[in-house]
Amino acid sequence: MIEGIFVEGLIYGIMALGVFFTFRVLDFPDLTVDGSFPLGAVIMARCIDSGIGLTAGITLAFAGGVAAGAVTALIHNKLKVPHLLAGILTMTMLYSVNIRILGNRANLPLMRKETLLTKATALTHGTLSETWTLLLLFVLVVLVIKVLMDLFFHTDMGLTFGAMGSNTQMVISQGVNPDTYKMIGVGLSNGLVALSGAFAAQYQGFADINLGQGIVVSGLASVMIGEFLIRSTRISMLTLRVIIGAIFYKAIMFLGRYYGYTIHLTPNDLKLVSGVLIIGALVITQMKKPTKGTK
Amino acid sequence: MIAIQDASLIFNAGTPNENRVFDAFNLTVKKGEFVTIIGSNGAGKSTLFNLLSGTVMPNTGRILLNGREVTKEPEFKRAKTIGRIFQDPLAGTASNMSLEDNMMVCLKKGFKGLTIGLTQSRRLFFKEQLATLQMGLEERLKDNVGLLSGGQRQALTLLMMVLSTPKLVLLDEHTAALDPRNAEIVLSLTSRFVKEYGLTTLMVTHNMQQAIDLGNRLLMMDAGEVVLDIGAEEKKGLTVEKLVAMFSKIRNKKFTSDEALLSR
Ligand SMILES: Nc1ncnc2c1ncn2[C@@H]1O[C@H](COP(=O)(O)OP(=O)(O)O)[C@@H](O)[C@H]1O
Ligand SMILES: [Mg+2]
């Protein structure tokens, strides 16, 4: 049971890393996520179902996410549409696109198909239990992504992203086109989100076009829980706490789902819980603010 | 170096708030000139810098930088040859990042790729450069810039600007928000850097004495026009009183900025 929370937390942690990139680094509140998460899932499912292959599926899912994010940034840059609206537009369009990718279906089961997960369990068969294999697999996957992301934020481009979120004028003054950077940033973020969706589909054993509903809120909640748990400005800690936040978020949702009945919560109430969680985090940060200036 | 030809600029054209800031405005600045600019509030000094930087585009007229027409060029493209510092000491740096990260972002102009430029030898170079500011910042490479004082941040901004080797420097009251001691330090750094690197510089100041003491050309602006243009020779014998008298004679009104007189 507890391993399941960790595995889900790690898979959704990849999505939360994407949300962290846009919301926290770029200061670009991006709602494309609700569409790019299922996009990754449906691309992956389709590739598995039609036998195109796992590597191709993962690559295409990531690329699809990047493209979706780039479209949002493009709408925002060229048409001077606010972030939120640009994201909602792409997200809405993706709903139809996702159905098309699934072959005019709303879901696609992956039973008895070879996935990354079945491959891994076959590999460790006899030495490790299935749950531990999956845990190990996703610890590795998330570790690789986290390290790559940390490295990225140490490159000149990564540093420039860091500066752009807090002082766009400074970045423009350095001769950098902020529009290009927004395209790259929102693109990469949604690439991660789609990747997360691709893993989620394999873990759940199916892809569903409604997989993404409210996912951006859960990503944001994870980011905020992480910020609540660990204080730091070092990038390696920032990415780490997003992942830890995602695992905590999954744990809270798990508790709500299985023990919520004791306080008359049903699974349908979980979205309400997510929202209240975020509002709670916002209230706490608001309350902390004034003391900062008066010290 | 700079040529603004017959530029006009109208904000909110066609609305009741229409504001004609420039009308057939002309200005040329030669390479290596250090021009100080004074003028009452709302004279158009900052807007002149906005025009040169591409933050706003003129309604008519042409703008040339280094003999190249840039009238319609977006701000980020022109920024490759321009070093601009604002009055707000927070404007030139990113608070949430370390000194070394800020310096890395500002070291070279233009698109930044996936290389890791912040190497050990770079850090050493940054340390050496920071030491020239004599503020002890060379020991604080890993500190967040948000922890620095306004004066330290403005000095850092100035240093970073110089290291990015701009062809044209625009300073917009960059010491006005600092306390007198820090303002003095940043100002002397400014003159040192301008001399050392032979920078073509335009500096807006509200302090008339400063405008007289520094640079080799002085412009006084009023209501979107250059009303006084004083060269190096004439500038030597200038005093604040003479300057105010010249202004009243030309404009037939009193110089409006009391602050300018008080802060001699
Ligand atoms: N973005 C803008 N929109 C409308 N009016 C502006 C804008 N920027 C400057 N102005 C107007 O231009 C005039 C000159 O302002 P400015 O250049 O800031 O003066 P200063 O000489 O004090 O720096 C003022 O009347 C100001 O209200
Ligand atoms: Mg001004």
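The values are calculated or read from the model by the stated rules, or taken from the named source; none is laboratory data. Nothing here was measured: the structure is a model prediction, and the numbers come from that model. Cβ atoms come from the backbone with ideal geometry, glycine included; neighbour counts cover every protein chain shown. Each accessible area value is taken on the protein alone, full model and side chains, heavy atoms only, with ligands, DNA and RNA left out. Shrake-Rupley method; radii C 1.70, N 1.55, O 1.52, S 1.80 Å.
Overview of values
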quantity	calculated
B:Thr81 being away from chain A (no Cβ under 11 Å), of a type in the set (Ser, Thr, Tyr), touching a residue at least 12 places away in the same chain (Cβ under 8 Å) and under 20 Å from A:Gly175 (Cβ atoms)	no
Selection from segment B:154-185 of residues that are part of a loop (DSSP other than H, G, I, E, B) and away from ligand 1 (no atom under 16 Å from the Cβ)	B:Ser164, B:Thr165, B:Pro166, B:Lys167, B:Leu178, B:Asp179
Out of B:Leu141, B:Leu163, B:Leu137, B:Leu158, sole residue that is more than 16 Å from ligand 2 (Cβ to nearest atom), within 14 Å of another protein chain (Cβ to nearest Cβ) and surrounded by 20 or more Cβ atoms within 10 Å (Cβ to Cβ)	B:Leu158
Segment B:33-52 - residue that is polar (S, T, N, Q) and modelled with pLDDT of 95 or more and, of those, farthest from ligand 1 (Cβ to nearest atom)	B:Thr36
Failed item, numbered, when B:Lys30 is tested on (1) at pLDDT below 95; (2) surrounded by fewer than 18 Cβ atoms within 10 Å (Cβ to Cβ); (3) not β-branched (Val, Ile, Thr)	(1)
Residues satisfying the stated conditions in segment A:41-56, i.e. crowded, with 22+ Cβ neighbours inside 10 Å and closer than 16 Å to A:Lys119 by Cα	A:Met44, A:Ala45, A:Ile48
Residue count, segment A:57-94 (criterion: closer than 23 Å to A:Ala200 by Cα and either open to solvent by 30 Å² or more (accessible area, probe 1.4 Å) or at pLDDT below 95 (or both))	11
Residue match in segment A:131-151 (condition: within 14 Å of chain B (Cβ to nearest Cβ), in contact (Cβ under 8 Å) with a residue 60 or more places away in the chain and not charged (D, E, K, R))	yes
Close pairs from segment A:252-279: first farther than 14 Å from A:Val217 by Cα, partner of a type in the set (D, E, K, R) and surrounded by fewer than 16 Cβ atoms within 10 Å (Cβ to Cβ), Cβ under 6 Å, at least 6 apart	A:Pro267/A:Arg257
Some residue of segment B:190-211 being more than 30 Å from B:Ser98 (Cβ to Cβ), hydrophobic (A, V, I, L, M, F, W, C) and either more than 13 Å from the chain's Cα centre (by Cα) or part of a helix (DSSP H, G or I) (or both)	yes
Output for segment B:7-27, where each listed residue is open to solvent by 10 Å² or more (accessible area, probe 1.4 Å) and either within 12 Å of ligand 1 (Cβ to nearest atom) or assigned to a loop (DSSP other than H, G, I, E, B) (or both)	B:Ile10, B:Phe11, B:Asn12, B:Ala13, B:Gly14, B:Thr15, B:Pro16, B:Asn17, B:Glu18, B:Asn19, B:Arg20, B:Val21
Set B:Val29, B:Val21, B:Val35: member being more than 16 Å from ligand 2 (Cβ to nearest atom) and out of contact with any Cys (no Cβ under 8 Å at 6 or more places or on another chain)	B:Val29
Criterion: at pLDDT 95 or above, under 17 Å from B:Leu199 (Cβ atoms) and within 16 Å of ligand 1 (Cβ to nearest atom) - qualifying residue of B:Ile4, B:Ile85	B:Ile85
